[in-house]
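Report on one structure; see the data block that follows.
The values are calculated or read from the model by the stated rules, or taken from the named source; none is laboratory data. The model shown is predicted, which means the values in this text are computed figures rather than measured ones. Cβ atoms come from the backbone with ideal geometry, glycine included; neighbour counts cover every protein chain shown.
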Amino acid sequence: MPKGLPFDWQQAIAVCAAAVLSASGMIALRAQGPLDRVTVPVDDSLLTTAVGNVHPLASPQYDRGEVSAPTRLEKMVLVLKTSPAQQEGLNDLTQAQQTPGTPEFHRWLTAEEFGNRFGLSSHDLAAITGWLSRHGFSIDEVAPDRLLVIFSGTAGQVADTFHTELHQYAIPAVNARQSGQIEMHIANVQDPQIPAAFAGVVEGVLSLHDFRRAPTVQSRPLAANIDYTDAARHSLTPAEFAMLYDLPPLYASGDTGAGAAIAIVSRSNLAQHDLDRFRALNGLAFHAPFVTFISRDPGVVPGDEDEAILDSEWSGAVAPGAAIHTVVADSTATTDGVDLAAQYIVNHIPAQIVDVGFASCEDEMGAAEIAFYGNLWQQAAAEGISALVASGNRGAASCSSLHPSGIPTASVNGLCSSLYSTCIGGHSVRPTFDCLNATAGARWFRFRSGPGGIG
């Protein structure tokens, strides 16, 4: 304070009071319900484009014509977005939830609580669902997070509403390019458009194509008599895995995962005899898995079942006390079952871990797809759910993306490019190393030197 000026206690108190009230107001603002952001009439003649949502393989050279208008498209997903103020509040919350000493430390939200704070207002959701309904779509669900609207309709309705046709594409198979095999796909030909009134609340449609997420598991026939020291196979038992990662002290202390739940993303039902055989071979106690079907039971799907069974077997083997939930979603014409199962888990399953054994090359994913997983995994973090996603066995950049040029390029798995997920890969086993008699530190050092690891 400059010399010669009297100290004004009343003014100081007023300034302090204003600061306190301002801070209290900011806290209240962040805790109150979402504000209405659709403030002008919805006019289908005033449009904005959801840029960056055409698959790179939806190229004119592969185009085989328009998909017929009556073709059913089930469970499309409209991805919504938070306001800048909501996003700032969410960032602050997820930081505070991980900071010891804060009031929010480990105070997790439910999906409904998350939606009430960071989703769209009832007014805005009504405007969006009303607009879809007027165009003939049926509303399957407004997710509890209030950031996803799941809806169904036809290819003709998509063209009329989002101003993009869906076409068929004949594309050389990635793994059979030399043999001339062709894969048929459908995809939108241009970026979708939405009314300008929704520009601040709608990110876009999750996907309008059927380019699927790929399971990361690599399967081989199981030998009749397994030799776990066979240098060619590098087989590993749950007991050996426990030794490698120094788990026996955890088990001895009673930490077996009891009371926790692991939710596994799947597009296939489980073959019970595979689970039974794995547990019998490894001397594990029998536990029936919890299987949830989002719409219908797709049965045992070749390829996808390998991923589902691997994740279910090993989750139960490493955490024998945990409840294992396998959530199965069948893919539709334009929406991958992986996406449907992942959002169902975060919005409906009270789990501590979500396990995703699938990959999509980030540079093949649209802007709405990237936003979908970025939002979903941050929501999971706010709910106390750890998102663990497979990177593949060659590290986080093991995804090989195929551009229309036919030249494969390196790309990360876009399902785990979010800051709020953990991308985990495999390790090379060196059979000449005596892992059972080495220290835990030496075991980890040796094993981490192989390809793969945590990204």
- [ ] Would you mind telling me which numbered condition in (1) under 26 Å from the mean Cα position of the chain (by Cα); (2) without any contact (Cβ under 8 Å) to a residue 60 or more places away in the chain; (3) part of a helix (DSSP H, G or I) Asp306 fails?
- [x] (2)
Task: One residue from Gly357, Gly366, Gly406, Gly426 being modelled with pLDDT under 95, under 30 Å from Ser59 (Cβ atoms), surrounded by 18 or more Cβ atoms within 10 Å (Cβ to Cβ) and not basic (Lys, Arg) - done: Gly357
- [ ] Give the residues of region 65-86 that are out of contact with any Asp or Glu (no Cβ under 6 Å at 6 or more places or on another chain) and either without any contact (Cβ under 8 Å) to a residue 12 or more places away in the chain or part of a loop (DSSP other than H, G, I, E, B) (or both), sorted by residue number.
- [x] Val67, Ser68, Ala69, Pro70, Thr71, Thr82, Ser83, Pro84
Task: Index of the failed condition, Pro249 passing every other in (1) out of contact with any Phe, Trp or Tyr (no Cβ under 6 Å at 6 or more places or on another chain); (2) at pLDDT below 90 - done: (2)
- [ ] Specify which of the listed residues (Pro56, Pro84, Pro103, Pro60) is of a type outside the set (Asp, Glu) and touching a His at 6+ places or on another chain (Cβ under 7 Å).
- [x] Pro56
Task: Residue among Ala271, Ala288 that alone is free of Cβ contacts under 8 Å to residues at least 40 places away in the same chain and exposed (fewer than 14 other Cβ atoms within 10 Å of the Cβ) - done: Ala288
Open item on the list: Return the residues of region 277-301 that are in contact with a helix residue (DSSP H, G or I) (Cβ under 6 Å, 6 or more places away or on another chain) and either farther than 15 Å from Pro320 by Cα or outside the structural domain of Ile345 (by TED's automatic domain parsing) (or both); say none if nothing qualifies.
Closed with: Ile294
TODO: Only residues that are under 24 Å from the mean Cα position of the chain (by Cα) and either at pLDDT below 95 or of a type in the set (S, T, N, Q) (or both): list them for region 131-153, please.
DONE: Ser152
- [ ] Would you please name the residue that is nearest to the chain's Cα centre (by Cα), looking only at residues in region 326-337 that are farther than 19 Å from Asn188 by Cβ and not in a strand (DSSP E or B)?
- [x] Gly337
Open item on the list: For region 294-330: of the residues being of a type in the set (D, E, K, R) and within 29 Å of Asp255 (Cα to Cα), which is surrounded by the fewest Cβ atoms within 10 Å (Cβ to Cβ)?
Closed with: Asp306
TODO: Kindly list the number of the only condition in (1) modelled with pLDDT of 90 or more; (2) assigned to a helix (DSSP H, G or I) that fails for Pro298.
DONE: (2)
Task: Residue in region 369-383 that is in contact with an Asp or Glu (Cβ under 9 Å, 6 or more places away or on another chain) and among the β-branched types (Val, Ile, Thr) present - done: yes
Open item on the list: Condition first: of a type in the set (D, E, K, R), at negative phi and under 21 Å from the mean Cα position of the chain (by Cα). Now tell me which residues in region 35-86 satisfy that.
Closed with: Glu74, Lys81
Open item on the list: Between a residue in region 161-172 that is surrounded by fewer than 18 Cβ atoms within 10 Å (Cβ to Cβ) and any residue that is of a type in the set (Ser, Thr, Tyr), which pairs come within a Cβ distance under 8 Å, given they are 6 or more apart or on different chains?
Closed with: Ala170/Tyr62
